[in-house]
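These notes are about the structure you will find just below.
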Amino acid sequence: MGRLNHVVSVSGGKDSTALYLRALERGLPFTAVFADTGNEHEWTYDFVRELPSRTGGPEITWVKADFSERLAKKREYVAKVWPTEGVSAVKVERAVSLLHPTGNPFLDLCLWKTRFPSSKTRFCTDELKIAPMFDAVQKPIFERGGALISWQGVRSEESLARSGLPRLQRINPVPFSLPASMRRLGESWTAYAYRPLIDWKTQEVFAYHRRHGVAWNPLYDNGMGRVGCMPCIMCRKDEMRSIADRFPEHVDKIEEWEALVSAVSKRGNSTFFSVTDDPALSNGWDKDDYDWSLSRTGIRARVEWSKTSRGGLQYDGLALMQADFNTTCNQWGACE
Ligand code: SF4
């Protein structure tokens with residue numbers, strides 16, 4: 001087995017901060033890495049930036065997915081193929097003019113896919129976190145003939161899916177978004193997931209920050225139960241309401257993104273939260289009669305819904321999604 005390389009994923013949340021502190025306490029040389037999705041709160045960026053100087057720990061490698069090449073190919077595809085599929089010239093022209101990199105990974109990913117991720121098609125974790133971390137930090141380790149210990153800040157009490165995760169587990173480090181040949185190569189590499197916080201309770205995580213004299217991300221003291229994308233596509237109803245109340249600029253941002261992604265989608269409509277969570281559809285409504293407009297299905301409508309009590313229109317999906325949350329994103333310690 002080649003030289004062991006410890007890699008700690010940092011998201012700016014409490015668990016990954018505890019993980020970083022734990023690695024420091026163990027005195028092991030380690031590499032810390034943060035994947036910037038372009039959809040984080042500015043306090044999280046500040047928190048991650050300042051963590052090394054506040055703790056005396058190693059600098060954090062900052063990675064960011066780049067979709068420039070894929071957007072260029074998409075422009076070509078749209079210009080060539082959409083007209084043959086009966087898409088109007090106006091739509092094609094508009095899409096081609098907008099399918100350019102903005103520099104924001106989350107938005108660029110959605111422009112490239114011409115849609116937002118959803119609970120069932122959660123390509124955001126792989127594309128924005130796992131893959132860029134693999135390319136920048138993990139793959140070079142294997143190319144040097146080394147072995148990987150991937151520190152992951154997941155905890156059993158967070159979900160049923162995580163409760164069964166072992167502390168140490170052999171893994172294939174290659175993201176699912178990469179070709180099968182690369183995945184097969186990954187089988188031969190020595191890579192382990194290490195989850196030192198697996199038995200920790202939430203209070204222990206905060207207590208660990210206190211013990212090290214490190215303040216946690218201020219978002220926790222400002223109504224946020226979790227730190228990650230703001231908002232996350234899986235965010236709960238109460239979280240949506242808190243975000244709208246305290247950080248309305250993040251709702252404005254998503255509203256702008258919905259307009260842009262809708263403009264490059266064939267259907268002319270794409271929403272941040274999946275429309276299929278709307279009970280109006282699951283109750284057997286005719287999809288042809290459904291009001292697909294952004295004013296009915298977009299983030300503003302979800303914010304209004306988030307203010308309703310049980311008597312308001314309920315979307316079962318968000319509650320269900322929360323139960324399903326963490327299956328990929330958090331197993332990797334990529335986000336909270
Ligand atoms: S935090 Fe949510 S939106 Fe962001 S990458 Fe993870 S699953 Fe996707």
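See the values below:
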read-out	value
Count of the stretch 1-31 residues which are more than 23 Å from E127 (Cβ to Cβ), crowded, with 24+ Cβ neighbours inside 10 Å and touching a helix residue (DSSP H, G or I) at 6+ places or on another chain (Cβ under 6 Å)	1
Helices (runs of 4 or more DSSP H) wholly inside the stretch 35-123 containing at least 2 residues that are over 30 Å from H212 (Cα atoms), modelled with pLDDT of 95 or more and of a type in the set (V, I, T)	68-81, 89-98
Set T102, T125: member being of a type in the set (S, T, N, Q) and either surrounded by fewer than 21 Cβ atoms within 10 Å (Cβ to Cβ) or over 14 Å from the mean Cα position of the chain (by Cα) (or both)	T102
In the stretch 233-262, residue farthest from the ligand (Cβ to nearest atom) [restricted to those that are within 20 Å of L128 (Cβ to Cβ) and modelled with pLDDT under 95]	E239
Conditions (1) assigned to a helix (DSSP H, G or I); (2) within 16 Å of the ligand (Cβ to nearest atom); number of the one not met by L24	(2)
Top-ranked residue of the stretch 263-273 - restricted to ones that are more than 16 Å from the ligand (Cβ to nearest atom) and assigned to a loop (DSSP other than H, G, I, E, B), ranked as farthest from V92 (Cα to Cα)	N269
One residue from V137, V154 being at pLDDT 95 or above and outside any strand (DSSP E or B)	V137
Per-region count, the stretch 122-151, residues away from the ligand (no atom under 16 Å from the Cβ) and of a type outside the set (S, T, Y)	16
Every pair of residues 6+ apart whose Cβ atoms lie under 7 Å, when the first sits in the stretch 296-320 and is closer than 25 Å to E256 by Cβ while the second is at pLDDT below 50	W305/G312; W305/L313; W305/Y315
The stretch 233-244 residues that are closer than 20 Å to F106 by Cβ and buried (at least 19 other Cβ atoms within 10 Å of the Cβ), paired with ones that are modelled with pLDDT of 95 or more and among the small types (G, A, S) (beta carbon under 7 Å, 6 or more apart)	none
Hey, Y77 hydroxyl-bearing (S, T, Y), surrounded by fewer than 23 Cβ atoms within 10 Å (Cβ to Cβ) and within 16 Å of the ligand (Cβ to nearest atom) or not	no
Failed criterion for G145 (all others in (1) closer than 22 Å to G186 by Cα; (2) surrounded by 18 or more Cβ atoms within 10 Å (Cβ to Cβ) hold)	(2)
Total residues in the stretch 257-276, condition of a type outside the set (V, I, T) and within 19 Å of the chain's Cα centre (by Cα)	6
Hits in the stretch 115-138 - residues which are under 15 Å from S9 (Cβ atoms) and of a type in the set (D, E, K, R)	D126, K129, D135
Residues located in the stretch 32-67, provided they are more than 16 Å from the ligand (Cβ to nearest atom), surrounded by 17 or more Cβ atoms within 10 Å (Cβ to Cβ) and closer than 19 Å to L128 by Cα	A32, I60
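The values are calculated or read from the model by the stated rules, or taken from the named source; none is laboratory data. Keep in mind it's a predicted model, so treat the numbers as computed, not measured. We place every Cβ from the backbone using ideal geometry, glycine too, and count neighbours over all the protein chains shown.
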